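As structure tokens, the structure follows; a few thoughts come after it.
What follows is calculated from the coordinates using simple rules that are stated; it is not laboratory data. Note that this is a predicted model, so its numbers are computed, not measured. Here Cβ is always computed from backbone atoms with ideal geometry, including for glycine, and neighbour counts include all displayed protein chains.
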Amino acid sequence: MTVHFIGAGPGAADLITVRGRSLIESSPVCLYAGALVPVELLDFCPDGARLVDTASLTLDEIVAELVEASSRGLDVARLHSGDPAVFSAMAEQMRRLDALGIDYDVTPGVPAFAAAAASLQRELTVPGVGQTVILTRTSQRATPMPPGEDLDTLGRSHATLVLHLAVQRIAEVVAELVPNYGADCPVAVVAYASRADEIVLRGTLDDIAAQVAAAGIKRTAVIIVGQTLGATQFPDSHLYSPTRVR
């Protein structure tokens with residue numbers, strides 16, 4: 001028996017990986033985050049599979065489902081939105097499974113920030129403009145951020161910032177970033193990336209909060225901040241240069 005942690009992607013059902021779909025099809029138990037995982041993926045579950053929406057469950061209740069499946073020798077497809085390596089709450093589940101001696105593996109998925117960049121038709125690492133991307137969040141209604149990971153500290157790098165779980169406090173985010181990035185720094189907010197109801201906002205730190213308020217975006221969005229979003233004048237990558245030693 002194995003618990004398969006599967007990145008279900010950012011929202012579009014056809015962005016599931018081939019491996020992820022195969023594991024869903026072969027697992028008689030499926031636990032999924034109902035508010036975030038596309039319901040269409042459940043169509044891949046085998047007939048008669050046990051389907052458990054974990055959106056309203058506690059960690060103990062989720063682990064109890066995994067233990068029950070283990071006692072019956074049933075593989076579990078444990079679906080997490082995006083890629084489970086980032087902000088998925090997978091680590092505490094794996095810690096419990098380690099203590100219980102239950103096997104598990106991890107299948108990556110398309111992360112929300114990658115889907116957002118695709119919708120924006122932007123590369124987040126542009127030669128001569130920005131080569132560092134920081135994935136982070138804010139601490140409102142969530143576990144406090146560790147020391148040194150506040151937006152002021154991270155913003156001093158001037159790296160491209162991708163903020164998850166922060167759109168509800170966009171005005172505060174802007175206030176914390178303007179001193180380091182400037183009010184004219186390009187910003188994008190992408191809500192429901194890759195889904196049919198996707199919303200894409202482009203602007204600057206000066207006007208993005210007003211755009212978010214007007215659009216009524218309150219959840220399931222990423223904020224991307226950095227000069228790479230607006231870069232048009234930059235050197236070609238050395239990757240394809242004729243002077244590169246091959």
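What does the charge count around VAL190 come to, taking other residues whose C-beta lies under 11 Å from its C-beta (Lys +1, Arg +1, Asp -1, Glu -1)? All intermediate terms of the calculation are to be shown ahead of the outcome.
On the way: positive: ARG122, ARG195, ARG202; negative: GLU198.
Neighbour charge sum, excluding VAL190 itself: +2.
Comparing ALA99, ALA12, ALA215 in a Gaussian network model of the chain (Cα springs below 10 Å), the most mobile by mean-square fluctuation is ALA99.
For region 49-160, what is the convex hull (Cα atoms) projected area averaged across all directions, in square nanometres?
Mean shadow area of the hull around the Cα atoms is 9.8 nm².
Global dimensions of region 156-211 from alpha-carbon coordinates: Rg and Dmax equal 11.5, 36 Å.
Give me the extension gain from TYR240 to LEU100: residue separation times 0.36 nm, minus the current Cα-Cα distance, reported in nm with one decimal.
Details: separation 140, 0.36 × 140 = 50.40 nm, distance 5.00 nm.
Result for the pair: 45.4 nm of gain on full extension.
Choose one of GLY203, VAL178, VAL189: the residue whose Cα lies farthest towards the positive end of the charge dipole of region 112-229 (beta-carbon charges +1 Lys, Arg; -1 Asp, Glu; about the Cα centre). Of the options given, the answer is VAL189.
Please give me the summed charge of the neighbours of LEU36: other residues whose Cβ is under 12 Å from its Cβ, Lys and Arg +1, Asp and Glu -1. Before the final figure, lay out each step's value.
On the way: positive: ARG195, ARG219; negative: ASP53.
Spelling it out: positives minus negatives among the neighbours equals +1.
Counting other beta carbons within 10 Å of each Cβ, put SER22, SER157, SER88 in order, fewest first. Write down the numbers at each step before the final one.
Numbers: SER22 16, SER157 12, SER88 20.
Ranking SER22, SER157, SER88 by Cβ neighbours within 10 Å, fewest first, gives SER157, SER22, SER88.
Extending each Cα 7 Å along its Cβ direction at ARG195 and ALA85, get the distance between those two points in nm, one decimal. Simple spin-label model gives 2.5 nm for this pair. Counting 0.36 nm for each residue step from SER26 to ALA64 and taking away their Cα separation leaves a gain of 11.6 nm. Helical runs (DSSP H, four residues minimum) scored at -39500 (n - 2.57) apiece and divided by the length of the chain put the mean residue ellipticity at 222 nm at -8000 deg cm²/dmol.
Only residues of region 165-194 count here: report those whose backbone N is under 14 Å from the spot 7 Å along Cα→Cβ of SER157, or say none. Backbone N within reach: none found.
Each principal axis of the Cα cloud of the chain was evaluated for its coordinate range; sorted largest first, these ranges are 59, 48, 36 Å.
Size descriptors for region 3-107 (Cα atoms only): Rg and Dmax, in that order, 12.3, 35 Å.
Between VAL178 and THR17, 0.36 nm times their residue separation minus their Cα-Cα distance comes to what? Intermediate values should be presented prior to the final figure.
Details: separation 161, 0.36 × 161 = 57.96 nm, distance 3.80 nm.
54.2 nm is the gain from fully extending VAL178 to THR17.
Where the only charges are on Cβ atoms (+1 Lys, Arg; -1 Asp, Glu), what is the dipole of the chain about its Cα centre, to the nearest 20 debye? The partial results should precede the final answer.
On the way: 18 positive and 28 negative charges, 89 e Å.
So the dipole magnitude of the chain works out to roughly 420 debye.
For region 112-229, the calculated P(r) over all alpha carbon pairs, in 5 Å bins from 0 to the bin holding the longest distance, is 2, 12, 24, 26, 21, 11, 3, 0 percent.
Measuring between their Cα centroids, region 168-236 and region 81-147 lie 19 Å from each other.
Within the listed set ALA55, ALA13, ALA191, the residue fluctuating most in the Gaussian network model of the chain (springs between alpha-carbon atoms under 10 angstrom) is ALA55.
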